[in-house]
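Since every read-out is calculated from the coordinates, none of them should be taken as a lab result. Computed from a prediction, not measured in an experiment: that's the story for all the values here. Note: ideal-geometry Cβ built from the backbone for every residue, glycine included; neighbour counts use all protein chains shown.
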Amino acid sequence: MSVAAYRQSMRDTVSPRQLEHRVFSQVTAELEVCTRQPDAFATIRAVDRNRRLWGALVTDLAQPDNLLPDALKAGLISLGLWVNRYSSEVLTEGRPLNPLIEVNRTVMQGLGSAPAGAA
């Protein structure tokens, strides 16, 4: 099976929420490894990947066609801005990774729950 066919198969069988959950899970796992096995380069990569994930999320939330409720969008955008600031502190001041991990876990819990109105 080609990579393109595999990707199409994933798009056909995985909901956007499941895909977002999977990406958050992968990024969070990278951050968790860095807490157990400190390595400066791995930490930089993991924090950068987390920051890019949140940047993409914030960009999507800011789009006029995003259908999430405004209050939820505002809260997630605010959280994304905090992630960006705190990530800088992790890299420049050696702040712990645990707050980033906890925020991601909380988002993953929300993504794992059934959407409003779902049976």
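Quick one: Cα convex hull volume of segment 17-119, Å³ per residue?
Working: hull volume 9.5 nm³, N = 103.
Convex hull of Cα atoms, per residue: 93 Å³.
The alpha carbon radius of gyration of segment 56-99, expressed as a multiple of 2.2 N^0.38 Å, is 1.38. Sorting 73-80, 14-21 by their mean Cβ neighbour count within 10 Å, with the most densely packed peptide first, gives 73-80, 14-21.
Take peptides 88-100, 58-70 and line them up by average Cβ neighbours within 10 Å, highest first, as a rough protection proxy.
On the way: 88-100: 13.9, 58-70: 10.6.
So the peptides 88-100, 58-70, ranked by packing, come out 88-100, 58-70.
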